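Values quoted throughout were computed directly from the atomic coordinates according to the rules given, and no laboratory measurement underlies them. Here the structure is a predicted model, which means the values were calculated and not measured. Heads up, the Cβs are rebuilt from the backbone with ideal geometry, glycines too, and the neighbour counts pull from every protein chain shown.
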Amino acid sequence: MFLFFVVLLVVNSVKSELNDTCTTSVYRSGSCVPVIDCQYVLNIIRSEDHTSEDWSFIDHNKCGEIPGKPPRPLVCCPIIQNVDGCGISRIGQRIYGGEETGIGVYPWAGLIEYRTHRGKFEMSCGCALVHYRWVVTAAHCIVGIPRRLTVHGVRFNEWDTGKKSNCTIINDVKLCRAIYEVEGQFSHPSYSMYDPNMRHDIALLKTRTHVEINDYVIPICLPFSESIQELRIENENFIVTGWGQTDKDTPGKQRHVSLIGKNRTICDIAFRQQMIELSYDQLCIGGEAGQDSCRGDSGGPLMYESGLITYVVGVVSFGALNCGTENHPGVYTKVADYLDWIEDIMINN
């Protein structure tokens, strides 16, 4: 199948040289390389459930060839790609008012660890692993934080922040928190802590070392797929997970909740008294009584499940003063509208 495909691949009229920089058909930064060197394309070819969208990507991203008999085709391969196997939980089955989350069910969800001026550690924001050294979170989780705090690290494989022990035994398996120091912080340049609309509330953190991928720590998929980018938000089902405040107990235990997407005008009405009006790059989600993200969940992922694969489509930004207020949805930064910025940060850092 693979060799047959390579022989039939026709080269586009726009020629490039080997390893030239290029731009894909969906405006992503790429490099012109042989098919065999592009894992993104290889995954499509070898997959048993590829879509017409996948094949269209290959067809529209031919960028040249290496002369020979037969010639070796070149494709514009995205420089930043989702990690192979992203968004697929290997554990368990497939927050406010939500259910307590089993360990490993959302293995990309993490917590930001802040160091106090006295050398102690606090956790008050969520995040999501999207690549080996990169997590996505909210800009307000690293900009304008109390002066006594500095961003120190990110935690994965967390089960209860209230427990002092780093390890626990679950089902005869010893599980330990995975803590990685942060090397770089990148908030969106257009974010302002003084903007009541909280636009561009997104940030990236880079860990000092690679995050070890295993059954309990797996990156979530960024929404590079056009079908996910063009997803109709209204009346779609989403999931939020976090360790924040709930109506039943103190923060610390990971919980998750299912929420329904709303039209942005619903949020405009709900936040009218605060003179807030959402932009196209913000999502209006939830509004059912007792079902909401809440304090401490900021920066966490808004997730959309497409078959077995989970995508991060939003980042928890802000919501009602009283979490879980009926007809008062929460506001999330739309990740798909920031993919160019995310790629630029990853490539240049």
| task | Give the shape of region 17-81 as rounded, prolate or oblate, defined through the alpha-carbon gyration tensor: a ≥ b ≥ c are the square roots of its eigenvalues, a/c under 1.5 means rounded, and otherwise the shape is prolate if a/b is larger than b/c and oblate if not. | result | oblate
| remark: The ³J(HN,Hα) series, computed from each phi in region 56-64 with the Karplus coefficients 6.51, -1.76 and 1.60 at θ = phi - 60°, rounded to the nearest Hz and given as x for glycine or proline, is 5, 4, 4, 4, 9, 10, 6, 10, x
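With +1 on the Cβ of every Lys and Arg and -1 on the Cβ of every Asp and Glu, and nothing else charged, how large is the dipole of region 16-140 about its Cα centre, in debye rounded to the nearest 20? Show your work: numbers first, answer last.
Working: 11 positive and 14 negative charges, 93 e Å.
So the magnitude is around 440 debye.
For a quick protection proxy, order the peptides 342-348, 154-160 by their average other-Cβ count within 10 Å, most packed first.
154-160, 342-348
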| Taking Cα centroids, how far is region 177-218 from region 45-65 in Å? | 31
| field | Lys/Arg +1, Asp/Glu -1 at C-beta; the chain dipole; positive extreme among HIS140, GLY119, ALA320 | value | GLY119
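Would you mind computing the Rg to Rh ratio of region 179-235 from its alpha-carbon coordinates, Kirkwood style for Rh? Spell out each step's value before the answer.
On the way: Rg = 15.7 Å, Rh = 14.7 Å.
Reported Rg/Rh, Kirkwood definition of Rh: 1.07.
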| Cα gyration tensor of region 172-289 - equivalent ellipsoid semi-axes, whole Å, descending | 29, 20, 17
| When the dipole is taken about the Cα centre of the chain, and only Lys, Arg (+1) and Asp, Glu (-1) are charged at their Cβ, what size is it in debye, to the nearest 20? | 1100
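Compute the convex hull volume of the Cα atoms of region 122-240, divide it by the residue count, and report the result per residue in Å³ as a whole number. Mind dumping the intermediate values first?
Numbers: hull volume 19.5 nm³, N = 119.
Looking at region 122-240, the number lands at 163 Å³ per residue.
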| region 228-242 - phi-based ³J(HN,Hα) in whole Hz, Karplus 6.51/-1.76/1.60, Gly and Pro as x | 7, 4, 9, 4, 6, 6, 4, 6, 7, 9, 10, 10, 10, 10, x
| request: With the Cα gyration tensor of region 18-176 in hand, give its eigenvalues times 5 under a square root as the equivalent ellipsoid semi-axes, listed largest first in whole angstrom. | output: 41, 21, 14
| query | Where does the charge balance sit around ASN43 when Lys and Arg score +1, Asp and Glu -1, over other residues with C-beta under 12 Å from its C-beta? | reply | -3
